[in-house]
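Encoded as structure tokens, the structure appears first; notes follow it.
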Amino acid sequence: MADAQCACGALRLLLKGRPQLTALCHCFACQRRTGAPFSANAFYAIDCVEVSGASTEYSRTADSGRKVRMYFCPTCGSTVYWKADAAPSWIGVAVGSFADPAYTPPSMSVFEQSKHPWVQFEGALEHFEGLSARQS
């Protein structure tokens, strides 16, 4: 089991098991959500997540036309998790909310069409321009 939390600790997630997927995302929505050039994301089966504490929901419409609902702490503003209509059985969790340098590394990097050119990664990652494989 792993714990994730916001900066002040008021919004917490108890997660059972390992993530089903870890990924980096370079889309502009994630850049704006995190204030960083990319986001690091862990995806869990929704039935493996227990949420405690108050959250505020922000809903946006993705390029696909489907909704993405982000949940952040109303006290400190940290976005801890999100749910996407495109993947209703998963919950996305911000890897930084675990504050664990040994956390499961990402297996892929998506939306690299908007990746900052100075961002470079070591190790084996699958690379995708959008949600489909990069053509070499």
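The values are calculated or read from the model by the stated rules, or taken from the named source; none is laboratory data. Since the structure is predicted, the reported quantities are computational estimates derived from the model, not experimental observations. Positions of Cβ are backbone-derived with ideal geometry, glycine not excepted, and every protein chain shown enters the neighbour counts.
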(Q) Go through (1) farther than 16 Å from residue 32 by Cβ; (2) outside any loop (DSSP other than H, G, I, E, B); (3) among the aliphatic types (A, V, I, L, M) for residue 86 and report which single condition fails. (A) (2)
Q: Taking residue 64 as meeting all but one of (1) of a type in the set (S, T, N, Q); (2) under 12 Å from the mean Cα position of the chain (by Cα); (3) more than 30 Å from residue 123 (Cα to Cα), write down the number of the exception.
A: (2)
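For the range 104-136, enumerate the residues that are small (Gly, Ala, Ser), at pLDDT below 90 and under 22 Å from residue 63 (Cβ atoms).
130, 132, 133
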(Q) residue 48 - would you say it is within 23 Å of residue 124 (Cβ to Cβ), surrounded by 13 or more Cβ atoms within 10 Å (Cβ to Cβ) and touching a residue at least 12 places away in the same chain (Cβ under 8 Å)? (A) no
Q | Flag for residue 64 being in a strand (DSSP E or B), out of contact with any helix residue (DSSP H, G or I) (no Cβ under 7 Å at 6 or more places or on another chain), of a type in the set (S, T, N, Q) and more than 21 Å from residue 17 (Cα to Cα) | A | no
Q: Look through 32, 18 and report the one residue that is farther than 17 Å from residue 110 by Cβ and either among the small types (Gly, Ala, Ser) or out of contact with any strand residue (DSSP E or B) (no Cβ under 8 Å at 6 or more places or on another chain) (or both).
A: 18
Q. Among 69, 32, which is without any contact (Cβ under 8 Å) to a residue 24 or more places away in the chain and assigned to a helix (DSSP H, G or I)?
A. 32
Q | Answer residue from the range 51-68, given it is under 23 Å from residue 14 (Cα atoms) and among the hydrophobic types (A, V, I, L, M, F, W, C) and is surrounded by the most Cβ atoms within 10 Å (Cβ to Cβ) among those | A | 68
